[in-house]
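Chemist: Structure provided below as structure tokens; questions to follow.
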Amino acid sequence: MAHAAPASGARTPSTRSRTSDVFSERTHRAAEWTTPVALGLVYGYWVAANNRSGGPITGWNLLLGFVSAIVFAALWTGIHALAPHMRRELHALLWTAFAGCAFGFLYSQTGAAVLRSVGMSLAVSAGVFLTLFYRFYTHEDAAGKRIR
């Protein structure tokens, strides 16, 4: 029994385009808050570990870690909310500045010289900018709207 195939481009109920979203809307809402918290905690732990250089854990070390985690999570949340409303160049530049500052502070906690921290931070920032600019340039129009 042969059935006729629908003409190319014709839409039938079974071939309608749908977004292939694996997670529910509730999961996406939860991820909006859990992602910055989890990343902040990892970043704060990393800052505290670099700061103590394998020495004993102190109260000041814990405070540094938690404050770093809170600041990182707050900045990440703010940038995540603000950046999509910008043009692709500024969008990439904002995330680049965030990544460069975060890496620079993290690297400075190792006891490295200031110039070395700045140099390493600029190198990481350059790589982040090139990667993000390419991604936003290929996935957004000039106004910053996603190309579908």
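What follows draws every value from the coordinates through simple rules; no lab data is involved. Fair warning: this is a prediction, and the values are worked out from it, not measured in the lab. Cβ placement follows ideal geometry from the backbone for every residue including glycine, while neighbour counts extend to all protein chains displayed.
Chemist: Run the numbers for T34 and V67: contour at 0.36 nm per residue of separation, minus the present Cα-Cα distance, in nm.
Modeler: Answer, rounded to one decimal: 10.1 nm.
Chemist: Taking every pair of alpha-carbon atoms in the stretch 50-126, what share in percent sits in each 10 Å bin, from 0 to the bin with the longest distance?
Modeler: Percent of Cα pairs in each bin: 18, 39, 31, 10, 1.
Chemist: Between Y134 and A97, what length comes free when the chain is fully extended (0.36 nm per residue of separation minus the Cα-Cα distance, one decimal in nm)?
Modeler: Extra length available between Y134 and A97 comes to 11.7 nm.
Chemist: What is the ratio of the Cα radius of gyration of the stretch 88-148 to 2.2 N^0.38 Å, with N the residue count, to two decimals?
Modeler: For the stretch 88-148, the normalised Cα radius of gyration is 1.33.
Chemist: At a Förster radius of 41 Å, what calculated FRET efficiency corresponds to the Cβ-Cβ distance of W60 and F23, to the nearest 0.05?
Modeler: Efficiency computed from Cβ-Cβ geometry: 0.55.
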